[in-house]
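Peer 1: I have a structure I would like to understand better, so I am pasting it below and will then ask my questions one at a time.
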Amino acid sequence: MRVTILGTAGVLPDPQRAQSGYLLEKDGRLVLIDCGSGVFNRLAQLSLDWAKLDTFLLTHLHLDHVSDLLSIWAARWLIGAPETALYGPHGTREFIAKLLDLFPYIRDHVRATVHELGAGEIWDIAGFEVATLAMNHYVPTLAYKFDKKIVICGDSEPEPALVDFVRGSKVLLHECSFPDSTSAPLHTTPTALGQLLASADVEWLVLTHLYPQAAAQSEELIRAVQKHFPRKVTVATDLQVIEL
Ligand SMILES: [Zn+2]
Ligand SMILES: [Zn+2]
């Protein structure tokens with residue numbers, strides 16, 4: 001499995017970072033998890049067969065995780081690939097129907113199959129075994145575990161059930177939106193994340209979804225997490241590749 005981190009910013013603009021997006025590849029299949037602003041262009045930087053990018057997962061329905069979705073679908077329609085499958089939390093079906101209704105010229109050409117996922121489920125998606133966990137954010141939000149190897153979380157405050165969910169995984173991608181000095185309701189700061197993961201059985205924590213004040217002090221973020229979670233911790237960068 002190859003994971004390409006496409007975007008690592010939160011809501012505020014950062015010249016080095018697009019908003020959330022993670023591309024998974026295995027046996028020629030491609031899955032995109034989230035597609036915030038800038039992900040469309042990051043995908044264009046890869047030598048990618050866009051017709052093969054037919055499976056999309058959303059962690060939640062906030063704009064910084066969905067804003068490039070229709071741009072990607074419109075591009076795929078224009079190259080002759082209108083079929084797509086979309087998976088997301090409860091509410092995704094109505095959300096997409098309303099969104100497509102705003103752009104009938106796209107709606108009338110893409111053929112999207114939408115699946116709503118609950119928490120605590122296991123699905124077979126594009127050849128991946130995908131397990132789901134409910135996170136704690138402003139709207140229904142999921143974390144996804146792929147082939148028991150990598151967990152990609154949507155936005156959340158530290159969620160206690162994550163410790164069991166990640167057990168035995170190699171990599172955890174978790175948001176670290178703000179430094180400890182910033183109040184972060186329903187988001188995560190590094191010390192809180194380290195405390196949550198203190199006894200977690202996961203080899204490598206990758207911090208992502210960084211607002212500029214967090215991105216500007218990545219070494220401090222890592223140190224704060226590792227006070228409690230003394231394992232491999234890094235800060236994600238756009239276009240970083242992880243092989244699993
Ligand atoms: Zn977000
Ligand atoms: Zn959010």
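Peer 1: Which residues in the range 141-176 have a backbone N closer than 18 Å to a point placed 7 Å from the Cα of Arg2 along the Cα-to-Cβ line?
Peer 2: Inside the label zone: 150.
Peer 1: Right, something else. Which value in deg cm²/dmol, rounded to the nearest 500, describes the helix-derived mean residue ellipticity at 222 nm for the chain, given -39,500 (n - 2.57) per DSSP H run of n ≥ 4 and division by the residue count?
Peer 2: For the chain, the value works out to -6000 deg cm²/dmol.
Peer 1: What distance in nm lies between label points placed 7 Å from Cα along the C-beta direction at Thr182 and Leu244?
Peer 2: 2.7
Peer 1: Around His90, with a cut-off of 12 angstrom between Cβ atoms, what is the net charge of the other residues, counting Lys and Arg +1 and Asp and Glu -1?
Peer 2: Neighbourhood net charge equals -2.
Peer 1: Here is a further query. Mind scanning Lys26/Lys232; Lys98/Lys170; Lys26/Lys227 and naming the pairs with a C-alpha gap bigger than 31 Å?
Peer 2: Pairs exceeding the cut-off: Lys98/Lys170; Lys26/Lys227.
Peer 1: In terms of modelled amide H atoms, which long-range or inter-chain residues lie less than 5 Å from the amide H of Asn136?
Peer 2: For Asn136, whose amide H was placed from the backbone, the distant partners under 5 Å are Glu157.
Peer 1: What length, rounded to one decimal in nm, is gained on full extension from Ala74 through to Thr113, with 0.36 nm per residue of separation minus their alpha-carbon distance?
Peer 2: Contour length minus Cα-Cα distance gives 12.5 nm.
Peer 1: Just subtract the alpha-carbon distance of Thr237 and Arg223 from 0.36 nm times their residue separation and send over the number in nm, one decimal.
Peer 2: Working it through step by step, the gained length comes to 3.3 nm.
Peer 1: Over what distance in Å are the Cα centres of the range 225-243 and the range 71-111 separated?
Peer 2: Result: 33 Å between the Cα centres.
Peer 1: For helix 92-102, what angle does its Cα long axis make with the longest principal axis of the chain, in degrees from 0 to 90 and rounded to 10?
Peer 2: The answer is roughly 50 degrees.
Peer 1: Per the Kirkwood treatment, what hydrodynamic radius in Å, one decimal, follows for the chain from the mean inverse distance over all distinct Cα pairs?
Peer 2: 17.9
Here, each number is a calculation from the coordinates, and none is a lab measurement. None of the values given here were measured: they were computed from a predicted structure. Reconstructed Cβ throughout: ideal geometry from the backbone, glycine too, with neighbour counts over all protein chains shown.
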